[in-house]
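Novice: First the structure, which I've put down as structure tokens, then a few questions once you've had a look.
Computed from the coordinates by the stated procedures, all read-outs in this text should not be read as laboratory data. Here the structure is a predicted model, which is why all the values come from computation and not from measurement. For neighbour counting, all protein chains shown are included, and Cβ atoms are generated from backbone atoms with ideal geometry for every residue, glycine included.
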Amino acid sequence: MERKTLTRRDLFRVGGGIAASGMLPLPSFAEGISAKPLAPGRLGRIDYSKAKAVPTICFGCTTHCGVVGWVENGRVRRIDGNPLDPNSKGNICSKAQGMISYTYYPERLLYPLRRVGKRGEGKWKRVPWDEALGEIAEKMRPLREAGTPEEFVFHYGRDKTKGYTKRFTNAFGTPNRLNRRSICSSNRRAPLMSFYGREFEWESQDFENTQYIVNFGGNPMEAYQGGLYMMHRIQHARVDKGARMVTFEVRPSATASVSDEYYPIMPGTDGAVAFAMIHVILKEGLENAEFWNRWANYPLDDLRGDVAEYTPEWAEEKSGVPADDIRRIAIEFAKAAPACCTMSNRGSAKHYNGVQSDRAIRTLDVLVGNVGKPGGFCLSSLRGWAGRYGQEGLPKLSQPGPKASDPMPWGLGEGFNEDAFRKLPEEVQERVNAFPEFWRKKYFGELATPSEYPLAWHWYQMRVGQLVYPYIKESRQKVSVYMSFTLGASYGYPEANLAREVLADEELIPFHVAVDISYSEQAALADIILPEATSLERWDHHSTNNYGLVPYTGVRQPLVKPLGQSRSIQDILRDLARRIGGGMEEYFAFDDMEGFYREWYQNLPISWEDFKQRGIWMDETREKDYELYERPLTEAELADTSVDSETGIITQKESGKAVGIVKDGKSIRGFDTPSRTIGVYDEIWPIAAKAVGLPLDDVNASPVAVYDTVPEHRDLPEDRYIFTTFKWNVHTQGRSAHWKYHSEIVHTNPVFMHPDTGAKLGLKEGDTIKLTVFRPKGHTYRSGEEGAMGAFENHVRFLKGVHPRVMACSHHVGHFEQGSVAKAENRKSAPEQGIDSESKAFKDADIPDKLWWSREKNGIGGGVHINDALPINPCPLTGGQNWYDNVCSIEKV
Amino acid sequence: MPELLPWEKVGSEFKKVRKRAGMLIDLRRCVGCHACTVSCKTENEVPLGGFRMRVRYLERPGPEQSTIAFAPLICMQCQDAPCLTACPSKAIVRGEDGRVKVDESKCDREEECITACPYGAIFINEEKQVAEKCDLCEHRTDVGLDPACVSSCPSEALQFGDFDDPEDPVTKIAADAGALGWKENEGTKPSVLYIGHEPWMEEKANSGVQLSEADMDVTYEQNNLEVGKR
Ligand code: SF4
Ligand code: SF4
């Protein structure tokens, strides 16, 4: 059916007169009426005939849409979508305007600050950049000179410099460039890489051509990385082309609400439903045996045996989803193949059994043979074009050199960092020494590559962020200089109180530098704060997977000059490297940042000026990334390879790496796994389990997907509930509570529960409860410790769509720093030495007086901080934080 | 001549003549993302507490349906506008293309318009001491841009057009889908038409665009609501 709406590409055409019937010459602004004078801090309407449009890349969330910023009198006034972006297609969400809110936030940090008084006391003095960078360099240089660069730890929350910060840590020599992948996506990434290998960006379902979507706990309408790219395609497929979407969720998310069917599901049982669907598909003979036999590395009959007991009735008992619905959905899904796809995200994956649930879900796609097909479960080639799998013909884009090499792996023997290794606790050394050979060159100490979580770094380095602070506390790694870059750990990590405790301890962290744009909870615990330029004031390389399935690239460029004395992270690290010296400066010998980025893109077939004006480049004629695995290997790729006669695997002689497979006499790509087929069966799970002493009957140790109930959910007493956190569409992690228009919409985080549950607990809406959380029971951090681990008080709201055993409470809010808007207070609280709130650029007629939801104004206030009450709960092997397993009890206050 | 980039066309040509400027709101597409509201407030510097438009989060009624319906509400650009009739200072005027707007220099903040509007579309801007409401971003549409909310909507739930022009795609889509005004029975003949709204929504979102203690949407926990009082 034809599309019934205007497309976003017409956005700038509508009314533009290009194709209009009747024409009138400009100008014609609002004939005959006039306005009253503006209040101080208001700028008046944008004059679009004078404002300049500059394309860039959004930084409102992790999706990174192409946008166009309108600049008037040197100020960014408004963000529209960039219709040239093939992924967002000119669409944006509310958070795009957030860039304006944070750039002109009256409490934005603009000057380097040095702590006076005790750490965390909130007393600061303004210092010149020279002095701040000089002091940091003095602290860092000796570490490098003494051969202990690993004592410098760089920990980021969101780094989108695409390798620039690594340029710095590598040049310095530390492997400790830490992130929070475990907090976010590692339990979804690991199963994907186990199935399909590393040479893919994550899944890119062909939503615009699909007919049927089964969604296990993904929330692309609100918070999924890439969610906006998915959202407009899904809505178009549903409304205009009759596609159906089924969602399993624990609460009525926006995605559940727009789905054609929504099933509240018992947390942690998504795998049970997926298994029952596999059972039904096999029973009905709806599998695509041809595809399975060609590409899955596991016999279909073995799968049949595995799922024999996983009936829809069994799944209903576990999940609460009616057996008849599971049966129908499985059949509808399989019949729509190949134009059908699954999707899943943290809802299914952030559980003790989440890795296996996701493997079961991934199996569904393989079973119906939709992988890589139009409308199906597609995989696009990896971002960053270095001539990898599926990237033939793309211009090579790479960060300009010279770049320092990676630090040496830690271990014993030549080519290993023996000194650092010998300082590790003995049991760690023993564990690492016993590792299989293929892990030896991947180990870089306990912060970067925790030895108990080898699948966090087997495929690539995903880190286990939530263990950084406990490990520092246990002295697994000595830290001398700690740098936080846009990191919200002190607010947003599980057991955030532990992060704060460690950061406040000058023995554990002798020197803490925070780079941030506002006075965050993390910055409040620093010794020096460096004010960063915002996304509207700096450069970045952009590339990500395209749900339109053609690789593209974009550039984030400065729309305006950095305000105050703020500087981009690129400038900061360059200048710091030069001060540290000792050879580091050679990697940072460029003054002109634009020139640096120009060189990055030098192989694009359009000029730099053209590229800057478009903001995006894509080869429009390139075919989509369908069935990449069936593509023939090129002559060059076949050079110097050998073929295994039994398996058909094609291996590069020199590197020993499998690069393809022979099928029907043809040398083709296959998948980027060791078997070049789909890793439905993967030995890496039991290998990893053995290496860390995880019992082989643990759900995480199985080489094929299995189901097992989350340990602490077995025999869950009637008076215990599962506590789930979630995200709102107007917020982005802990980084948006100070955006005034967003916090006006969501500024509290009541505990949502089913009305029947509320009645059972004797509660009315608005009542205050105490929610107490208990530690997990699986093989994980501080597991099984009795008694409450944390608690908070909050008010309750009822919603019928919440699963009756679930307590759902969002984070984002409940800030105790980040200035007046985040704290919902009618007075400023960021250190005045760091801000400029009275200057014209930062005058805001709303802040802080008009925050109507503040307690001072008898409002409801700014929410409750909940992250101290969430236990550190890494999943065995991958380290992914099991956010949604936590058992809690409820008391009326 | 090189091809103009989309934004290079803005303001460079002519203004389209419209007779009945309006908007089509398709609730089947809306995902409740609030892009429209935030975008509107950024564009028009709308003071905190007041709204030219707002997305309502309405829990679906009945025991079976357990999800949320999203309803963006806005000034309906009525062809028979009660606010315009009610204003004693004639500060609410109709533009050539039918849009209803406030002439600030004439407004004495008598607030008759606020009471008259069945949609809660008007509020007092305390800074300027005038009534404020949506004017479909006239400063944008005059140069060929969509209104801010329309331009921001990622699911194409909002579309701007001329309902008097039978050739306008928006007119056609509205006719095909049988789009209707919000609270048709008020007889205001809105130029904002909806696809997919149901009577219970009108009832539940009765207070309309502005915040009200009478409503309990899932977002925007209401001001001055004493927790526990309800
Ligand atoms: S989805 Fe993310 S990147 Fe895209 S417009 Fe919204 S905030 Fe910006
Ligand atoms: S921007 Fe569009 S999808 Fe988002 S809430 Fe507004 S109307 Fe709905």
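Novice: Name the residues whose placed amide hydrogens come within less than 5 Å of the amide hydrogen of A:Gly445, ignoring near sequence neighbours (fewer than 5 apart) on the same chain.
Specialist: A:Trp410
Novice: Then there's this: Report, in cubic angstrom per residue, the convex hull volume of the C-alpha atoms of the range A:281-327.
Specialist: Per residue, the Cα convex hull of the range A:281-327 comes to 84 Å³.
Novice: Still on this model: Please report the equivalent ellipsoid semi-axes of the range A:420-579, computed as sqrt(5 x eigenvalue) of the Cα gyration tensor, largest first, in whole Å.
Specialist: After scaling each eigenvalue by five and taking roots: 31, 24, 14 Å.
Novice: So how strong a dipole does chain A carry about its Cα centre when Lys and Arg Cβ are +1 and Asp and Glu Cβ are -1, to the nearest 20 debye?
Specialist: 2640 debye
Novice: What's the Kirkwood radius of the protein assembly as shown in Å, using all Cα pairs?
Specialist: So the Kirkwood estimate lands at 30.4 Å.
Novice: Run lengths n ≥ 4 of DSSP H only: what is the helix-derived mean residue ellipticity at 222 nm for chain B, with -39500 (n - 2.57) per run over all residues, to the nearest 500?
Specialist: Only helices count here, giving -4500 deg cm²/dmol.
Novice: Expressed in nm to one decimal, what extension gain is obtained for the pair A:Glu586 and A:Leu412 from 0.36 nm per residue of sequence separation less their Cα-Cα distance?
Specialist: Answer, rounded to one decimal: 59.6 nm.
Novice: Taking H as built 1.01 Å from N, whose amide H comes closer than 5 Å to the amide H of B:Leu73, not counting residues under 5 places away?
Specialist: B:Arg54, B:Val55, B:Arg56
Novice: Assign unit charges at the C-beta atoms only (+1 for Lys and Arg, -1 for Asp and Glu), then state the dipole size of chain B relative to its Cα centre in Debye, rounded to the nearest 20.
Specialist: Value, rounded to 20: 80 debye.
Novice: On to the next question. If you stretched the chain out fully between A:Glu506 and A:Glu284, how much longer would it get, using 0.36 nm times the residue separation minus the C-alpha to C-alpha distance?
Specialist: Full-extension gain reported as 73.5 nm.
Novice: What order do you get for A:Glu506, B:Glu132 when you list them from fewest to most C-beta neighbours inside 10 Å?
Specialist: With the fewest neighbours first, A:Glu506, B:Glu132 line up as A:Glu506, B:Glu132.
Novice: What are the residues whose amide H is under 5 Å from the amide H of A:Thr56, where those residues sit 5 or more places off or on another chain and H is modelled from the backbone?
Specialist: Result for A:Thr56 returns A:Val67, A:Val68, A:Gly69.
Novice: Enumerate the calculated ³J(HN,Hα) couplings along the range A:728-737 in order (Karplus 6.51 cos²θ - 1.76 cosθ + 1.60, θ = phi - 60°), each rounded to whole Hz, writing x wherever the residue is Gly or Pro.
Specialist: Values, residue by residue: 9, 5, 8, 10, 10, 6, x, 10, 10, 5 Hz.
Novice: Starting at the first residue of the range A:758-772, write each ³J(HN,Hα) from the Karplus equation 6.51 cos²θ - 1.76 cosθ + 1.60 with θ = phi - 60°, in whole Hz, x for Gly and Pro.
Specialist: Values per residue, Gly and Pro as x: x, 4, 4, 8, x, 10, 10, 4, x, 4, 9, 10, 10, 10, 10 Hz.
Novice: Efficiency by 1/(1 + (r/R0)^6): what FRET value for A:Glu474 and A:Glu891, r their Cβ-Cβ distance, R0 = 41 Å, to the nearest 0.05?
Specialist: For A:Glu474 and A:Glu891, the calculated efficiency is 0.75.
Novice: In deg cm²/dmol, rounded to 500, what helix-only [θ] at 222 nm does chain A give when every DSSP H run of at least 4 residues adds -39500 (n - 2.57) and the total is split over its residues?
Specialist: Theoretical 222 nm ellipticity from helices: -7000 deg cm²/dmol.
Novice: Something else about it: Normalise the Cα radius of gyration of the range A:712-892 by 2.2 N^0.38 Å (N = residues in it) and let me know the number.
Specialist: 1.17
Novice: Let me ask something additional. Please give the per residue volume of the convex hull enclosing the alpha carbon atoms of the range A:606-726, rounded to a whole number of Å³.
Specialist: Cα convex hull per residue, to the nearest whole number: 273 Å³.
Novice: Would you mind ranking A:His738, A:His779 so that the residue whose beta carbon has the fewest other beta carbons within 10 Å leads the list?
Specialist: Ascending Cβ contact count within 10 Å gives the list A:His779, A:His738.
Novice: Using just the Cα positions, wrap the range B:136-230 in a convex hull and report its mean projected area in square nanometres, one decimal place.
Specialist: The orientation-averaged projected area of the Cα hull of the range B:136-230 comes to 8.4 nm².
Novice: Another question, if that's okay. Equivalent-ellipsoid semi-axes (√(5λ), Cα gyration tensor) for the range A:203-361, whole Å, largest first?
Specialist: Semi-axes, largest first: 24, 18, 14 Å.
Novice: What are the chymotrypsin sites (Phe, Trp or Tyr not before Pro) within the range A:438-502 that DSSP puts in a loop, where the Cβ has at most 11 other Cβ atoms within 10 Å?
Specialist: Within the range A:438-502, the qualifying chymotrypsin sites (Phe, Trp or Tyr not before Pro) (loop, at most 11 other Cβ atoms within 10 Å) are A:Tyr460.
Novice: Another question, then. Run through every distinct alpha carbon pair of the range A:698-750 and return the Kirkwood hydrodynamic radius in angstroms, one decimal place.
Specialist: Taking the inverse mean of 1/r over all distinct Cα pairs, the range A:698-750 comes out at 15.0 Å.
Novice: Could you list, bin by bin from short to long, the percent of Cα-Cα pairs of the range B:10-161 in 5 Å steps?
Specialist: With a bin width of 5 Å, the distribution comes to 2, 9, 17, 20, 20, 16, 9, 5, 2, 1, 0.
Novice: Once you've got the GNM for chain B with C-alpha springs shorter than 10 Å, pick whichever of B:Thr141, B:Thr219, B:Thr188 has the biggest mean-square fluctuation.
Specialist: Per the Cα network of chain B with a 10 Å cutoff, B:Thr219 tops the list.
Novice: Taking Rh as the Kirkwood radius, which is the inverse of the mean 1/r over Cα pairs, what is the Rg/Rh value for the range A:810-893?
Specialist: On the Cα set of the range A:810-893, Rg over Rh gives 1.14.
Novice: Short version: ³J(HN,Hα) in whole Hz for each residue of the range A:54-69, in order, from phi by Karplus 6.51 cos²θ - 1.76 cosθ + 1.60 (θ = phi - 60°), x for Gly and Pro, what are they?
Specialist: 10, x, 7, 10, 5, 10, x, 8, 8, 7, 6, 6, x, 9, 10, x
Novice: Could you state the principal axis extents of the C-alpha atoms in the range A:81-204, from the largest down, to the nearest angstrom?
Specialist: Per principal axis, max minus min of the Cα coordinates gives 49, 42, 27 Å.
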